[in-house]
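Input: a single structure, listed below in structure tokens.
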Amino acid sequence: MKKITFLIIMTLITTIGYSQVDTPFDKNHITDKKQLKEANKNIKEGDKLFAMGKGRYIDALTYYLEANKINPNNADLNYKIGICYIFTTDKQLGLEHLEKAKQINPQVNYELSYYLGRAYHLNHQFDKAIENYNEFKRRLSPKEFADRGKELDKYIEECENGKELLTKKTKVFIDNMGSNINTIYPDYTPVISADEEILFFTSRRPNTTGGKRDPIDNKYYEDIFMATKSGNDWKLSQPEKPLNSKFHDASIGLSPDGQTLYIYKGDNGGDIYECVLKGDKWVKPSPLPKIINTKAHESSASLGPDGRTLYFISDRPDGVGGRDIWVAYKNSKGKWSEVKNIRELNTPYDEEAVFIHPDGRTLYFSSQGHNSMGGYDIFKSTYKDGYWSKPENLGVPINTADDDLYFVLSSSGQRAYFSSSRKGTIGDQDIFMITFIIDKPMNPSTEDNLIAYKTKPVQEIKIESAITIETPSLTLLKGFIYDEDTKKPLEAQIVLTDNEKNEELAVFTSNAQTGRYLVSLPSGKNYGIAVKKEGYLFHSENFVIPENAQYQEIQKDIYLKPIKIGQSIVLRNIFFDFDKATIRPESKTELENLIKLMNDNPNIKIEISGHTDNIGSAAYNQKLSESRAKAVVDYLIEHGIERSRLSYMGYGFDKPIAPNDTEEGRQLNRRVEFKILEAK
């Protein structure tokens, strides 16, 4: 009997305790009439905004916090403040206010255990989150469970994924890019050129074009900003028209060479536009064709290194889930003609923020499905033998239980950029830089850069890696194209060919004002490169890049020679069988370039010359070089070039262009050239 009496008394004390702590906003508890009036006014304004949905929670929070200063012990107010905070970067504060609301009054709101579950989830306290999600599930009626049970089961699954991912963190440094890029306003969707010299991103800061706010969420309309690398810093600029308008304009993709920008515009339900850089000016954005842009919502886009493959996001019908990853292909006429759903990567949930690496085979994207730990997580998949590999979660600390989006990786694989609203933001969503700790030998310059970087304040994670981080197998060829005589920059075509297949892979254009070019060469091919411009001899290069070759950057400036008497060029993509004058099939594209040059300039006469290294006798090399030159002339005659316009000579090793004491030098000396003898 005494025990029962004690329990009743304790229950009464507890109930009285709650009522005493849960302080209402009335005159009995707040004696200052002015303060009470102001607090109720703020709550009323906050409630109006709160009722408009999560897009206005941050605005409601301002009013709620003012009221909370007057009375911090109201359960309902703490509950609403907690909800508002978990939709901001201060998720820990959201948890604290929700826990306080429960401490004051566990019955403050039917949804309390749901939002406590969300708060614990977002703060990576996964066991407590699961406990609260299950508690909320038990409260649901059968009808409510039919409506919300699937959502709760998904959250519980994400928590289980999070517990697993926390045990295998990824070795990285993660840094906020700082106030030079980020503001207290939303900053997101970074896109970079392959060499990290150019960065575009989207911001909703006050100085956007037009300076007006979107009535839906009361935030400024999106604008595109650009930054260029200056040493270890970024120089910020804001592109004016035509990239930005008075409404939503967001950067979503940049070609590896930085010459084509893809942007999102909010008109027509949301479409993708393409902008091309001509000199130092961007041309007016043009919408992609209807095969890509539909009445559905198209957003993120990423162009492959061939310039002919576009990965993008759309919620059009016939997909796997809501927002899916799709791929479009250009035909030989340069038109987007085929679109496919990449079904093996998509889930019943949403995918977003797709990025194809300059290696052309590694795809990064964000997804709410797969083994996400909450919101959007960043995943990678690799294309091999006609299939995409199973998507791999990039793990903690790159991913959090909140949304992590717009991941882009440098061509070297050492750094990445992405958007997040995690702890450490300046205000709203920010852009962060990731530096990967790669468990492979790096060249000295890379190691020096990493050592220098480590002197900065960083977040260092030194435990077993959750994913395999490898240096991409890729060669980046970049430089400038000039007129050899005037040294002025030229706008020229760079034609990339697979010599073994005699297949044109891509066509690029150097910048009209600077002459700058950049070409990404994934490993595993024999590449022929021809640089062409009307009125000039073409320039050829050959790169044989083995499968799984180490990442490298090659800086090469190219000087095109005007067509005139005495000019000569090396035909670097004409190949012969060893010790023979038999032209190999890989030479076809180079010979076609030469035939086109002759047909486009019918008044020129040329000499084809063969050259060797100094291995072997002079007589032998002279004969071999002459036979090879004759083989080229015979090919040209067979394909319609008049014999009277052609002559040939073999010079053996009499005219070296490099020392013969190294294999590299001897390789350069083994060549075929042509020289203009006559040009009317």
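The values are calculated or read from the model by the stated rules, or taken from the named source; none is laboratory data. This one's a predicted model, so the numbers in the text were calculated from it and none came from an experiment. With ideal geometry, Cβ positions are generated from the backbone for all residues, glycine too; neighbour counts draw on all protein chains shown.
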Any hit, the range 494-515, residues being basic (Lys, Arg), modelled with pLDDT under 95 and in a loop (DSSP other than H, G, I, E, B): yes
Apart from one, (1) in contact with a helix residue (DSSP H, G or I) (Cβ under 8 Å, 6 or more places away or on another chain); (2) surrounded by 18 or more Cβ atoms within 10 Å (Cβ to Cβ); (3) within 20 Å of Thr475 (Cα to Cα) all hold for Asn526; the odd one out is (2)
Scope the range 634-656; condition of a type in the set (A, V, I, L, M, F, W, C) and closer than 18 Å to Thr589 by Cβ; matching residues: Leu636, Ile641
For Glu222, the lone unmet condition from (1) surrounded by 14 or more Cβ atoms within 10 Å (Cβ to Cβ); (2) under 30 Å from Thr475 (Cβ atoms); (3) of a type in the set (Asp, Glu) is (2)
Scan the range 486-508 residue by residue and report those that are surrounded by fewer than 18 Cβ atoms within 10 Å (Cβ to Cβ) and closer than 14 Å to Ile558 by Cβ. Lys487, Lys488, Glu491, Gln493
Do you know which residues across the range 347-363 are within 27 Å of Asp153 (Cα to Cα) and surrounded by fewer than 23 Cβ atoms within 10 Å (Cβ to Cβ)? Thr347, Pro348, Tyr349, Asp350, Glu352
Does any residue of the range 326-337 turn out to be within 20 Å of Ser367 (Cβ to Cβ) and part of a loop (DSSP other than H, G, I, E, B)? no
Testing Asn134 on (1) over 23 Å from Pro24 (Cβ atoms); (2) buried (at least 24 other Cβ atoms within 10 Å of the Cβ), one condition comes back false. Which one is that? (2)
Apart from one, (1) more than 22 Å from Ser419 (Cα to Cα); (2) in contact with a helix residue (DSSP H, G or I) (Cβ under 9 Å, 6 or more places away or on another chain); (3) not basic (Lys, Arg) all hold for Gly53; the odd one out is (2)
Taking the range 284-332 as the search range and keeping residues that are closer than 24 Å to Pro522 by Cβ and loosely packed, with under 14 Cβ neighbours inside 10 Å, which one is farthest from the chain's Cα centre (by Cα)? Ser332
Is it the case, given these coordinates, that Ile637 is in a helix (DSSP H, G or I) and under 20 Å from Ala530 (Cβ atoms)? no
Within the range 215-231, restricting attention to residues that are in contact (Cβ under 8 Å) with a residue 12 or more places away in the chain and over 22 Å from Leu261 (Cβ atoms), which residue is nearest to the chain's Cα centre (by Cα)? Lys219
